Amino acid sequence: MRYSNIDYFEIVNGTDVGVSFYTQGCLRHCRGCFNQEAWDLDGGEQYTIEFRDRIVAACCRPGIKRFSILGGEPLLERNKEELMVLCSLIKEANPYIKIWVYTGNIYEDIKDDWLEFLQYFVDVLVDGPFEIEKRDISLPFKGSTNQRIIDVKKSIFEGKTIELM
């Protein structure tokens, strides 16, 4: 896995204070994307065990209540194994942390292939590609009106998509 950035203390990419981790690589290339530098599959930095351990430690600091995974596109198949390990370690070290994932994919299209990851680790999924024609800067935690903020645990339990806001 490759990554483009990490923000160790932020309040933008979900509720409460959190850590935001930006994976590298995206095939979607949404017009107007806020993070075009993360598109290149070979760009950014190589993710290492040492870096993973720094992320886990950062998620255990006092006041950190959320870990957000953004991109690029985090839900590329090449990231699956490392994201599972990372989120497992984070949840083990800080069981009360909420994990948010931002993806250009649609929940219904990925829920089966990513079920284990979603079921065990993800609390909130912000889904859908950014659509510049539907951009709305007043929306909390998303960039365009087509995107949804999904309660993953409740959606899996109830067998239907449950939006938070």
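The values are calculated or read from the model by the stated rules, or taken from the named source; none is laboratory data. Since we're looking at a predicted model, the values are computed, not measured. Glycine also receives a Cβ, built like all others from the backbone with ideal geometry; neighbour counts cover every protein chain displayed.
Applying the selection to region 78-110, what residues are within 26 Å of Arg31 (Cα to Cα), of a type outside the set (A, V, I, L, M) and free of Cβ contacts under 8 Å to residues at least 24 places away in the same chain?
At the first step, the residues of region 78-110 found to be within 26 Å of Arg31 (Cα to Cα) are 78-80, 100-110.
Still in the running and of a type outside the set (A, V, I, L, M): 78-80, 100, 102-105, 107-109.
Result: Asp109, single match.
Kindly indicate whether any position in region 71-81 is farther than 23 Å from Tyr8 by Cβ and either in a loop (DSSP other than H, G, I, E, B) or at pLDDT below 95 (or both). The answer is yes; a qualifying residue exists.
Consider region 23-47 and keep the residues that are farther than 10 Å from Tyr3 by Cα and free of Cβ contacts under 8 Å to residues at least 40 places away in the same chain. The one that is nearest to the chain's Cα centre (by Cα) is Asn35. Could you look through region 62-76, keep only residues that are more than 13 Å from the chain's Cα centre (by Cα) and in contact (Cβ under 8 Å) with a residue 12 or more places away in the chain, and pick out the one that is farthest from Glu163 (Cα to Cα)? Among residues in region 62-76 that are more than 13 Å from the chain's Cα centre (by Cα) and in contact (Cβ under 8 Å) with a residue 12 or more places away in the chain, the one farthest from Glu163 (Cα to Cα) is Gly63. Val101 falls short on exactly one of the conditions (1) touching a helix residue (DSSP H, G or I) at 6+ places or on another chain (Cβ under 7 Å); (2) closer than 17 Å to Ile162 by Cβ; (3) crowded, with 21+ Cβ neighbours inside 10 Å; (4) not aromatic (Phe, Trp, Tyr), and that condition is (1).
Screening Lys153 on (1) in contact with a strand residue (DSSP E or B) (Cβ under 8 Å, 6 or more places away or on another chain); (2) among the charged types (D, E, K, R); (3) in contact (Cβ under 8 Å) with a residue 24 or more places away in the chain shows it passes everything except condition (1).
From the list Glu50, Glu82, the lone residue that is among the acidic types (Asp, Glu) and within 15 Å of the chain's Cα centre (by Cα) is Glu82. Residue count for region 85-132 under the criterion of being in contact with a Phe, Trp or Tyr (Cβ under 9 Å, 6 or more places away or on another chain), assigned to a helix (DSSP H, G or I) and either aromatic (Phe, Trp, Tyr) or closer than 20 Å to Tyr8 by Cα (or both): the result is 5. Applying the criterion of being in contact with a Gly (Cβ under 9 Å, 6 or more places away or on another chain) and crowded, with 19+ Cβ neighbours inside 10 Å to the residues of region 14-23, the residue that is farthest from Glu81 (Cα to Cα) is Ser20. Only one entry in Cys26, Cys59, Cys30 is touching a Pro at 6+ places or on another chain (Cβ under 6 Å), over 23 Å from Lys154 (Cα atoms) and surrounded by 15 or more Cβ atoms within 10 Å (Cβ to Cβ), namely Cys30.
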